[in-house]
Amino acid sequence: MDFTPEHKSIHDNMKKFIEAEINPHVDEWEKAGIFPAHELFKKMGKMGFLGINKPVEYGGLGLDYSYHMVMTEALGYINCGGVPMAIGLQTDMATPALARFGSDELRKEFLSPSISGDYVACLGVSEVGAGSDVAGIKTTAKKDGDDYVINGGKMWTTSGTQADWMCLLANTGEGPVHQNKSLICVPMKTKGVQIARKLDKMGMHSSDTAQIYLDDVRVPQRYLIGQEGHGFMYQMVQFQEERLWAAASSLISLERLIEQTIEYTRQRKTFGQPILDNQVVHFRLAELQTEVELLRALTYRAADLLVKGEDVTRLASMAKLKSGRLARVVTDACLQYYGGMGFMNETPVSRAYRDTRLGSIGGGADEIMLGIICKYMGILPGKKK
Ligand SMILES: Cc1cc2nc3c(=O)[nH]c(=O)nc-3n(C[C@H](O)[C@H](O)[C@H](O)COP(=O)(O)OP(=O)(O)OC[C@H]3O[C@@H](n4cnc5c(N)ncnc54)[C@H](O)[C@@H]3O)c2cc1C
(Lines give C-alpha, C1' and ligand atoms only; values in the text may rest on other atoms or scores of the structure.)
Protein backbone atom coordinates (compact mmCIF):
# COMPACT_ATOMS: atom_id res chain seq x y z
CA MET A 1 0.00 0.00 0.00
CA ASP A 2 1.42 3.40 -0.99
CA PHE A 3 0.89 6.11 1.57
CA THR A 4 0.80 9.76 0.52
CA PRO A 5 1.42 12.88 2.66
CA GLU A 6 -2.41 13.07 2.95
CA HIS A 7 -2.52 9.65 4.59
CA LYS A 8 0.14 10.77 7.06
CA SER A 9 -1.70 13.99 7.76
CA ILE A 10 -5.00 12.17 8.53
CA HIS A 11 -3.17 9.75 10.82
CA ASP A 12 -1.27 12.52 12.62
CA ASN A 13 -4.36 14.71 13.01
CA MET A 14 -6.27 11.82 14.56
CA LYS A 15 -3.38 11.14 16.94
CA LYS A 16 -3.26 14.82 17.99
CA PHE A 17 -7.04 14.84 18.46
CA ILE A 18 -6.83 11.76 20.67
CA GLU A 19 -4.12 13.31 22.83
CA ALA A 20 -6.10 16.54 23.27
CA GLU A 21 -9.74 15.42 23.35
CA ILE A 22 -9.89 11.75 24.32
CA ASN A 23 -7.03 10.46 26.46
CA PRO A 24 -7.32 13.14 29.18
CA HIS A 25 -10.89 11.87 29.86
CA VAL A 26 -10.53 8.13 29.39
CA ASP A 27 -10.11 7.20 33.07
CA GLU A 28 -13.17 9.24 34.03
CA TRP A 29 -15.24 7.66 31.22
CA GLU A 30 -14.09 4.17 32.14
CA LYS A 31 -15.24 4.79 35.72
CA ALA A 32 -18.57 6.22 34.55
CA GLY A 33 -19.22 3.21 32.30
CA ILE A 34 -20.03 5.51 29.39
CA PHE A 35 -18.49 8.37 27.39
CA PRO A 36 -20.36 11.39 26.00
CA ALA A 37 -20.71 10.14 22.42
CA HIS A 38 -22.67 13.15 21.16
CA GLU A 39 -20.11 15.62 22.46
CA LEU A 40 -17.12 13.65 21.16
CA PHE A 41 -18.63 12.69 17.80
CA LYS A 42 -19.62 16.30 17.12
CA LYS A 43 -15.96 17.30 17.53
CA MET A 44 -14.84 14.37 15.38
CA GLY A 45 -17.46 15.21 12.75
CA LYS A 46 -16.12 18.78 12.49
CA MET A 47 -12.63 17.35 11.84
CA GLY A 48 -14.04 15.06 9.11
CA PHE A 49 -13.01 11.85 10.92
CA LEU A 50 -16.44 10.18 10.78
CA GLY A 51 -16.84 10.22 7.02
CA ILE A 52 -13.40 9.89 5.45
CA ASN A 53 -14.53 7.27 2.92
CA LYS A 54 -18.20 8.29 2.84
CA PRO A 55 -19.79 10.13 -0.13
CA VAL A 56 -19.21 13.88 -0.38
CA GLU A 57 -22.95 14.49 -1.01
CA TYR A 58 -23.66 13.42 2.57
CA GLY A 59 -20.82 15.32 4.22
CA GLY A 60 -18.09 12.70 3.81
CA LEU A 61 -14.62 13.33 2.36
CA GLY A 62 -15.17 10.85 -0.49
CA LEU A 63 -11.67 9.36 -0.10
CA ASP A 64 -10.89 5.70 -0.63
CA TYR A 65 -10.75 3.12 2.18
CA SER A 66 -6.97 3.44 2.67
CA TYR A 67 -7.40 6.98 4.07
CA HIS A 68 -10.04 5.74 6.48
CA MET A 69 -7.81 2.83 7.46
CA VAL A 70 -4.95 5.09 8.57
CA MET A 71 -7.39 6.99 10.80
CA THR A 72 -8.60 3.66 12.20
CA GLU A 73 -5.03 2.59 12.87
CA ALA A 74 -4.48 5.81 14.85
CA LEU A 75 -7.36 4.82 17.18
CA GLY A 76 -4.75 2.54 18.75
CA TYR A 77 -3.39 5.63 20.54
CA ILE A 78 -6.57 5.75 22.66
CA ASN A 79 -5.88 4.49 26.19
CA CYS A 80 -8.81 2.06 26.23
CA GLY A 81 -10.82 -0.19 23.92
CA GLY A 82 -14.33 1.13 24.60
CA VAL A 83 -14.10 4.54 22.93
CA PRO A 84 -12.45 3.24 19.72
CA MET A 85 -15.06 0.48 19.53
CA ALA A 86 -17.91 3.02 19.66
CA ILE A 87 -16.17 5.14 16.99
CA GLY A 88 -15.78 2.03 14.82
CA LEU A 89 -19.43 1.25 15.38
CA GLN A 90 -20.33 4.66 14.00
CA THR A 91 -18.04 4.51 10.95
CA ASP A 92 -17.62 0.83 10.05
CA MET A 93 -20.42 -1.20 11.59
CA ALA A 94 -23.72 0.71 11.57
CA THR A 95 -23.29 2.97 8.52
CA PRO A 96 -21.51 1.15 5.62
CA ALA A 97 -24.68 -0.55 4.32
CA LEU A 98 -26.68 2.68 4.52
CA ALA A 99 -23.91 4.54 2.67
CA ARG A 100 -23.79 1.92 -0.07
CA PHE A 101 -27.38 0.77 -0.49
CA GLY A 102 -29.59 3.44 1.12
CA SER A 103 -31.82 5.79 -0.87
CA ASP A 104 -30.80 9.41 -1.25
CA GLU A 105 -33.57 10.48 1.14
CA LEU A 106 -32.53 7.93 3.78
CA ARG A 107 -28.90 8.87 3.54
CA LYS A 108 -29.79 12.54 4.03
CA GLU A 109 -31.88 11.66 7.06
CA PHE A 110 -29.55 9.22 8.83
CA LEU A 111 -26.11 9.14 7.19
CA SER A 112 -25.41 12.89 6.96
CA PRO A 113 -26.02 13.53 10.68
CA SER A 114 -23.98 10.42 11.56
CA ILE A 115 -21.05 11.79 9.55
CA SER A 116 -21.37 15.26 11.11
CA GLY A 117 -21.58 13.69 14.57
CA ASP A 118 -25.06 15.04 15.32
CA TYR A 119 -26.41 11.48 15.47
CA VAL A 120 -24.97 8.52 17.31
CA ALA A 121 -25.63 5.24 15.50
CA CYS A 122 -25.99 1.71 16.83
CA LEU A 123 -26.23 -1.69 15.18
CA GLY A 124 -29.02 -4.12 16.04
CA VAL A 125 -28.05 -7.53 14.69
CA SER A 126 -27.40 -9.80 17.71
CA GLU A 127 -30.27 -11.04 19.85
CA VAL A 128 -30.50 -12.99 23.10
CA GLY A 129 -30.89 -16.22 21.11
CA ALA A 130 -28.78 -15.43 18.03
CA GLY A 131 -25.30 -13.91 17.84
CA SER A 132 -23.08 -16.13 15.71
CA ASP A 133 -26.08 -17.52 13.87
CA VAL A 134 -27.22 -14.21 12.34
CA ALA A 135 -29.76 -16.00 10.13
CA GLY A 136 -31.48 -17.23 13.31
CA ILE A 137 -32.65 -13.80 14.53
CA LYS A 138 -36.31 -13.64 15.55
CA THR A 139 -37.16 -9.92 15.42
CA THR A 140 -39.86 -9.25 12.82
CA ALA A 141 -40.88 -6.17 10.83
CA LYS A 142 -44.35 -6.61 9.35
CA LYS A 143 -45.97 -4.29 6.87
CA ASP A 144 -49.02 -2.39 8.03
CA GLY A 145 -50.23 0.39 5.73
CA ASP A 146 -47.19 2.54 4.93
CA ASP A 147 -45.31 1.36 7.98
CA TYR A 148 -43.31 -1.54 9.33
CA VAL A 149 -44.36 -2.73 12.77
CA ILE A 150 -41.32 -4.17 14.55
CA ASN A 151 -41.40 -6.69 17.39
CA GLY A 152 -38.54 -8.48 19.12
CA GLY A 153 -35.38 -7.40 20.86
CA LYS A 154 -31.66 -6.80 20.43
CA MET A 155 -28.79 -7.74 22.71
CA TRP A 156 -25.29 -6.33 23.34
CA THR A 157 -26.04 -3.14 21.42
CA THR A 158 -22.96 -0.90 21.55
CA SER A 159 -23.85 2.77 22.27
CA GLY A 160 -27.43 1.52 22.70
CA THR A 161 -28.27 3.72 25.69
CA GLN A 162 -27.38 6.95 23.90
CA ALA A 163 -27.87 6.23 20.20
CA ASP A 164 -30.24 8.28 18.02
CA TRP A 165 -30.90 5.52 15.51
CA MET A 166 -30.33 1.84 14.99
CA CYS A 167 -29.39 -0.01 11.83
CA LEU A 168 -31.70 -2.93 12.57
CA LEU A 169 -31.74 -6.38 11.02
CA ALA A 170 -35.23 -7.91 11.07
CA ASN A 171 -37.22 -10.64 9.36
CA THR A 172 -39.53 -8.98 6.84
CA GLY A 173 -40.74 -12.18 5.19
CA GLU A 174 -41.36 -15.89 5.65
CA GLY A 175 -38.98 -17.22 2.99
CA PRO A 176 -35.53 -18.87 3.30
CA VAL A 177 -33.53 -17.39 6.21
CA HIS A 178 -30.93 -15.74 3.99
CA GLN A 179 -33.55 -14.05 1.82
CA ASN A 180 -36.22 -12.93 4.30
CA LYS A 181 -34.29 -10.23 6.15
CA SER A 182 -34.00 -6.48 5.75
CA LEU A 183 -31.98 -3.64 7.23
CA ILE A 184 -34.14 -0.80 8.54
CA CYS A 185 -33.23 2.57 10.11
CA VAL A 186 -35.04 2.84 13.44
CA PRO A 187 -35.00 6.15 15.35
CA MET A 188 -34.40 5.21 18.99
CA LYS A 189 -36.96 7.72 20.25
CA THR A 190 -39.78 5.86 18.45
CA LYS A 191 -42.58 4.65 20.73
CA GLY A 192 -42.01 1.01 21.70
CA VAL A 193 -38.19 1.13 21.68
CA GLN A 194 -37.21 0.40 25.24
CA ILE A 195 -33.71 0.29 26.69
CA ALA A 196 -34.25 -2.72 28.94
CA ARG A 197 -30.90 -2.44 30.71
CA LYS A 198 -27.35 -1.20 30.46
CA LEU A 199 -25.17 -4.29 30.54
CA ASP A 200 -22.37 -4.76 33.07
CA LYS A 201 -19.23 -5.92 31.25
CA MET A 202 -15.84 -7.45 31.98
CA GLY A 203 -14.09 -4.80 29.86
CA MET A 204 -14.75 -2.00 27.35
CA HIS A 205 -16.11 -0.05 30.33
CA SER A 206 -16.25 3.37 28.65
CA SER A 207 -18.58 1.98 25.97
CA ASP A 208 -22.22 1.58 26.97
CA THR A 209 -23.87 -1.66 25.88
CA ALA A 210 -27.63 -2.17 25.99
CA GLN A 211 -30.30 -4.78 25.78
CA ILE A 212 -33.20 -3.34 23.82
CA TYR A 213 -36.84 -4.38 23.56
CA LEU A 214 -38.84 -3.58 20.45
CA ASP A 215 -42.54 -3.64 21.11
CA ASP A 216 -44.89 -2.67 18.24
CA VAL A 217 -42.36 -0.14 16.98
CA ARG A 218 -43.83 1.65 13.99
CA VAL A 219 -41.50 3.17 11.35
CA PRO A 220 -42.30 4.23 7.78
CA GLN A 221 -41.45 1.68 5.09
CA ARG A 222 -39.22 4.28 3.44
CA TYR A 223 -36.76 3.63 6.32
CA LEU A 224 -35.85 0.33 4.62
CA ILE A 225 -32.19 0.28 3.46
CA GLY A 226 -31.98 -0.85 -0.18
CA GLN A 227 -34.25 -3.72 -1.15
CA GLU A 228 -36.48 -5.82 1.06
CA GLY A 229 -35.11 -9.34 1.57
CA HIS A 230 -31.50 -8.26 0.91
CA GLY A 231 -30.70 -7.46 4.55
CA PHE A 232 -28.69 -10.59 5.29
CA MET A 233 -26.51 -10.03 2.24
CA TYR A 234 -26.07 -6.30 3.06
CA GLN A 235 -25.09 -7.20 6.61
CA MET A 236 -22.49 -9.69 5.35
CA VAL A 237 -21.02 -6.90 3.18
CA GLN A 238 -21.13 -4.54 6.16
CA PHE A 239 -19.29 -7.15 8.25
CA GLN A 240 -16.31 -6.94 5.85
CA GLU A 241 -15.62 -3.41 7.00
CA GLU A 242 -16.31 -4.26 10.65
CA ARG A 243 -13.77 -7.07 10.47
CA LEU A 244 -11.09 -5.03 8.75
CA TRP A 245 -11.71 -2.31 11.31
CA ALA A 246 -11.07 -4.81 14.11
CA ALA A 247 -7.69 -5.70 12.61
CA ALA A 248 -6.58 -2.16 11.70
CA SER A 249 -7.55 -0.69 15.07
CA SER A 250 -5.59 -3.32 17.00
CA LEU A 251 -2.13 -2.74 15.46
CA ILE A 252 -0.89 0.39 17.24
CA SER A 253 -2.48 -0.50 20.56
CA LEU A 254 -0.62 -3.84 20.57
CA GLU A 255 2.65 -2.15 19.61
CA ARG A 256 2.20 0.40 22.38
CA LEU A 257 1.71 -2.40 24.88
CA ILE A 258 4.89 -4.09 23.72
CA GLU A 259 6.77 -0.76 23.99
CA GLN A 260 5.40 -0.12 27.49
CA THR A 261 6.41 -3.61 28.54
CA ILE A 262 9.92 -3.10 27.18
CA GLU A 263 10.17 0.12 29.19
CA TYR A 264 8.88 -1.50 32.38
CA THR A 265 11.04 -4.60 32.16
CA ARG A 266 14.12 -2.47 31.35
CA GLN A 267 13.66 -0.57 34.62
CA ARG A 268 12.61 -3.45 36.85
CA LYS A 269 15.36 -5.72 38.09
CA THR A 270 15.31 -9.26 39.43
CA PHE A 271 18.42 -11.14 40.53
CA GLY A 272 20.57 -8.10 39.79
CA GLN A 273 19.58 -7.54 36.15
CA PRO A 274 16.71 -5.95 34.20
CA ILE A 275 13.89 -8.44 33.50
CA LEU A 276 14.22 -7.47 29.83
CA ASP A 277 17.79 -8.82 29.71
CA ASN A 278 16.53 -12.38 30.09
CA GLN A 279 16.59 -13.85 26.60
CA VAL A 280 13.25 -15.55 27.13
CA VAL A 281 11.73 -12.08 27.66
CA HIS A 282 13.35 -10.04 24.87
CA PHE A 283 13.02 -12.88 22.36
CA ARG A 284 9.31 -13.21 23.21
CA LEU A 285 8.71 -9.47 22.78
CA ALA A 286 10.56 -9.52 19.45
CA GLU A 287 8.43 -12.44 18.33
CA LEU A 288 5.21 -10.64 19.27
CA GLN A 289 6.36 -7.49 17.45
CA THR A 290 6.97 -9.67 14.38
CA GLU A 291 3.44 -11.07 14.65
CA VAL A 292 1.98 -7.56 14.78
CA GLU A 293 3.92 -6.67 11.61
CA LEU A 294 2.53 -9.79 9.90
CA LEU A 295 -0.99 -8.76 10.90
CA ARG A 296 -0.31 -5.26 9.55
CA ALA A 297 0.84 -6.72 6.21
CA LEU A 298 -2.32 -8.86 5.95
CA THR A 299 -4.56 -5.93 6.90
CA TYR A 300 -2.91 -3.60 4.36
CA ARG A 301 -3.20 -6.25 1.65
CA ALA A 302 -6.92 -6.67 2.36
CA ALA A 303 -7.39 -2.88 2.40
CA ASP A 304 -5.48 -2.54 -0.87
CA LEU A 305 -7.74 -5.09 -2.59
CA LEU A 306 -10.86 -3.48 -1.09
CA VAL A 307 -9.79 -0.16 -2.62
CA LYS A 308 -9.44 -1.99 -5.97
CA GLY A 309 -13.06 -3.13 -5.61
CA GLU A 310 -12.37 -6.79 -4.86
CA ASP A 311 -14.30 -9.01 -2.44
CA VAL A 312 -12.04 -9.26 0.60
CA THR A 313 -14.25 -11.48 2.76
CA ARG A 314 -11.57 -14.18 3.00
CA LEU A 315 -8.71 -11.82 3.88
CA ALA A 316 -10.84 -9.66 6.21
CA SER A 317 -11.93 -12.82 8.05
CA MET A 318 -8.30 -13.94 8.36
CA ALA A 319 -7.25 -10.51 9.66
CA LYS A 320 -10.12 -10.44 12.18
CA LEU A 321 -9.29 -13.96 13.36
CA LYS A 322 -5.61 -13.16 13.72
CA SER A 323 -6.16 -9.81 15.45
CA GLY A 324 -8.47 -11.35 18.09
CA ARG A 325 -6.05 -14.18 18.80
CA LEU A 326 -2.90 -12.08 18.69
CA ALA A 327 -4.38 -9.50 21.08
CA ARG A 328 -5.02 -12.26 23.61
CA VAL A 329 -1.45 -13.53 23.28
CA VAL A 330 0.19 -10.07 23.43
CA THR A 331 -1.83 -8.81 26.40
CA ASP A 332 -1.29 -12.07 28.29
CA ALA A 333 2.49 -12.06 27.71
CA CYS A 334 2.85 -8.36 28.56
CA LEU A 335 0.74 -8.71 31.69
CA GLN A 336 2.92 -11.62 32.77
CA TYR A 337 6.12 -9.58 32.46
CA TYR A 338 4.57 -6.80 34.56
CA GLY A 339 4.15 -9.32 37.39
CA GLY A 340 1.96 -8.13 40.27
CA MET A 341 1.73 -4.65 38.75
CA GLY A 342 0.17 -6.23 35.67
CA PHE A 343 -2.69 -7.43 37.81
CA MET A 344 -3.37 -3.91 39.14
CA ASN A 345 -6.15 -1.89 37.56
CA GLU A 346 -3.88 1.17 37.54
CA THR A 347 -1.56 -0.49 35.00
CA PRO A 348 -2.67 0.00 31.35
CA VAL A 349 -1.94 -3.61 30.45
CA SER A 350 -4.68 -4.90 32.77
CA ARG A 351 -7.30 -2.74 30.99
CA ALA A 352 -5.96 -3.93 27.61
CA TYR A 353 -6.13 -7.54 28.79
CA ARG A 354 -9.84 -7.14 29.67
CA ASP A 355 -10.79 -5.01 26.67
CA THR A 356 -9.11 -7.07 23.97
CA ARG A 357 -10.77 -10.31 25.09
CA LEU A 358 -13.83 -9.25 23.11
CA GLY A 359 -11.84 -9.39 19.86
CA SER A 360 -12.25 -13.17 19.54
CA ILE A 361 -16.01 -12.96 20.23
CA GLY A 362 -17.62 -9.74 18.93
CA GLY A 363 -18.40 -9.12 15.26
CA GLY A 364 -18.13 -12.84 14.52
CA ALA A 365 -16.30 -15.20 16.88
CA ASP A 366 -13.01 -16.87 15.88
CA GLU A 367 -14.87 -20.07 14.98
CA ILE A 368 -17.17 -18.14 12.64
CA MET A 369 -14.10 -16.59 10.93
CA LEU A 370 -12.60 -20.07 10.57
CA GLY A 371 -15.86 -21.30 9.03
CA ILE A 372 -15.76 -18.50 6.42
CA ILE A 373 -12.09 -19.16 5.63
CA CYS A 374 -12.85 -22.89 5.26
CA LYS A 375 -15.74 -22.06 2.94
CA TYR A 376 -13.39 -20.02 0.71
CA MET A 377 -10.86 -22.88 0.84
CA GLY A 378 -13.57 -25.31 -0.23
CA ILE A 379 -13.11 -27.51 2.85
CA LEU A 380 -16.32 -26.77 4.76
CA PRO A 381 -18.34 -30.01 4.72
CA GLY A 382 -21.45 -29.68 2.57
CA LYS A 383 -20.52 -26.25 1.15
CA LYS A 384 -19.07 -25.62 -2.30
CA LYS A 385 -16.20 -23.13 -2.77
C1 LIG B 1 -19.28 -5.76 24.38
C2 LIG B 1 -20.05 -6.30 23.21
C3 LIG B 1 -20.49 -5.42 22.24
C4 LIG B 1 -21.27 -5.90 21.18
N5 LIG B 1 -21.80 -5.00 20.28
C6 LIG B 1 -22.72 -5.43 19.38
C7 LIG B 1 -23.45 -4.50 18.59
O8 LIG B 1 -23.26 -3.28 18.69
N9 LIG B 1 -24.39 -4.99 17.74
C10 LIG B 1 -24.63 -6.32 17.60
O11 LIG B 1 -25.47 -6.69 16.80
N12 LIG B 1 -23.94 -7.23 18.33
C13 LIG B 1 -23.02 -6.81 19.23
N14 LIG B 1 -22.34 -7.72 20.01
C15 LIG B 1 -22.65 -9.14 19.87
C16 LIG B 1 -21.51 -9.97 19.29
O17 LIG B 1 -21.35 -9.69 17.92
C18 LIG B 1 -21.86 -11.43 19.59
O19 LIG B 1 -21.64 -11.62 20.99
C20 LIG B 1 -21.02 -12.40 18.79
O21 LIG B 1 -21.38 -12.37 17.44
C22 LIG B 1 -21.16 -13.85 19.30
O23 LIG B 1 -22.50 -14.19 19.42
P24 LIG B 1 -23.06 -14.86 20.79
O25 LIG B 1 -22.56 -14.02 21.91
O26 LIG B 1 -24.50 -15.06 20.67
O27 LIG B 1 -22.32 -16.23 20.89
P28 LIG B 1 -22.91 -17.65 20.46
O29 LIG B 1 -23.43 -17.55 19.09
O30 LIG B 1 -23.81 -18.13 21.52
O31 LIG B 1 -21.59 -18.52 20.45
C32 LIG B 1 -20.86 -18.76 21.66
C33 LIG B 1 -19.49 -19.30 21.29
O34 LIG B 1 -19.66 -20.57 20.69
C35 LIG B 1 -18.68 -20.76 19.70
N36 LIG B 1 -19.37 -21.06 18.43
C37 LIG B 1 -20.50 -20.50 17.93
N38 LIG B 1 -20.83 -21.05 16.76
C39 LIG B 1 -19.90 -21.98 16.50
C40 LIG B 1 -19.67 -22.90 15.42
N41 LIG B 1 -20.46 -22.93 14.36
N42 LIG B 1 -18.60 -23.72 15.49
C43 LIG B 1 -17.78 -23.71 16.55
N44 LIG B 1 -17.93 -22.85 17.59
C45 LIG B 1 -18.97 -22.01 17.57
C46 LIG B 1 -17.85 -19.48 19.63
O47 LIG B 1 -16.68 -19.67 20.37
C48 LIG B 1 -18.72 -18.45 20.29
O49 LIG B 1 -17.97 -17.43 20.94
C50 LIG B 1 -21.54 -7.27 21.05
C51 LIG B 1 -21.06 -8.15 22.02
C52 LIG B 1 -20.34 -7.68 23.10
C53 LIG B 1 -19.89 -8.65 24.16
Q.
Contact order normalised by length for the chain, with contacts defined as Cα pairs under 8 Å and 6 or more residues apart; what percent is it?
A. 16 percent
Q.
Run the numbers for GLU19 and ILE361: contour at 0.36 nm per residue of separation, minus the present Cα-Cα distance, in nm.
A. 120.2 nm
**Q.** With DNA, RNA and ligands ignored, accessible area of GLU259 (1.4 Å probe; Å², nearest 10)
**A.** 110 Å²
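For the chain, what is the mean residue ellipticity at 222 nm derived from helices alone (per DSSP H run of n ≥ 4: -39500 (n - 2.57); sum divided by total residues; nearest 500 deg cm²/dmol)? Let's see the in-between values first.
Working: 12 runs with 172 residues, N = 385.
For the chain, the value works out to -14500 deg cm²/dmol.
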Q) Gain in length, ILE195 to SER9, computed as 0.36 nm per residue apart minus the alpha-carbon separation, to one decimal in nm? A) 63.0 nm
Q | Distance in nm between pseudo-label sites at ARG301 and ASP147 (7 Å out along the Cβ direction from Cα) | A | 5.1 nm
Q. Which distance in Å, rounded to a whole number, links the C-alpha centroids of the stretch 249-275 and the stretch 69-123?
A. 33 Å
Q: Kindly report the accessible area of the chain per residue (heavy atoms of protein chains, probe 1.4 Å, no ligands, DNA or RNA), in Å².
A: 45 Å²
Q.
With 19 Å as the cut-off, how large is the P(r) tail for the stretch 237-369, expressed as percent of Cα-Cα pairs?
A. 51 percent
Q) Once the Cα atoms of the stretch 5-120 are picked out, what are the Rg and Dmax in Å? A) 13.7, 40
**Q.** Share of carbon and sulfur in the accessible heavy-atom surface of the chain [1.4 Å probe, %]
**A.** 54 percent
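For a quick protection proxy, order the peptides 10-23, 233-246, 348-361, 166-179 by their average other-Cβ count within 10 Å, most packed first.
On the way: 10-23: 17.3, 233-246: 23.0, 348-361: 21.2, 166-179: 19.4.
Highest-to-lowest ranking by the protection proxy: 233-246, 348-361, 166-179, 10-23.
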**Q.** Contour minus Cα-Cα distance for ARG218 and GLN289 (0.36 nm per residue)
**A.** 20.4 nm
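What relative contact order, as a whole-number percentage, does the stretch 233-377 give when Cα pairs under 8 Å and 6 or more residues apart are counted? The partial results should precede the final answer.
On the way: 147 pairs, mean separation 42.4, N = 145.
Relative contact order for the stretch 233-377 comes out at 29 percent.
Suppose R0 equals 35 Å; then what is the FRET efficiency for ARG100 and GLU346 from their Cβ-Cβ distance, rounded to the nearest 0.05? Provide the component values of the computation, followed by the final result.
Details: r = 43 Å, r/R0 = 1.24.
In this case the efficiency is close to 0.20.
Return one quarter of the surface area of the convex hull spanned by the alpha-carbon atoms of the chain, equal to its mean projected area, in nm². Intermediate values should be presented prior to the final figure.
Working: hull surface 77.8 nm².
Result: a mean projected hull area of 19.4 nm².
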Q | Percentage relative contact order, the stretch 313-385, counting C-alpha pairs under 8 Å, at least six apart | A | 37 percent
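Could you sort TYR77, TYR65 by their accessible area in this structure, using a 1.4 Å probe and putting the largest first?
Ranked from most to least accessible, the order is TYR77, TYR65.
The values are calculated or read from the model by the stated rules, or taken from the named source; none is laboratory data. This structure is a prediction, so every number in the text was calculated from the model and none was measured. Virtual Cβ from ideal backbone geometry, glycine too; neighbours counted across all protein chains shown. Each accessible area value is taken on the protein alone, full model and side chains, heavy atoms only, with ligands, DNA and RNA left out. Shrake-Rupley method; radii C 1.70, N 1.55, O 1.52, S 1.80 Å.
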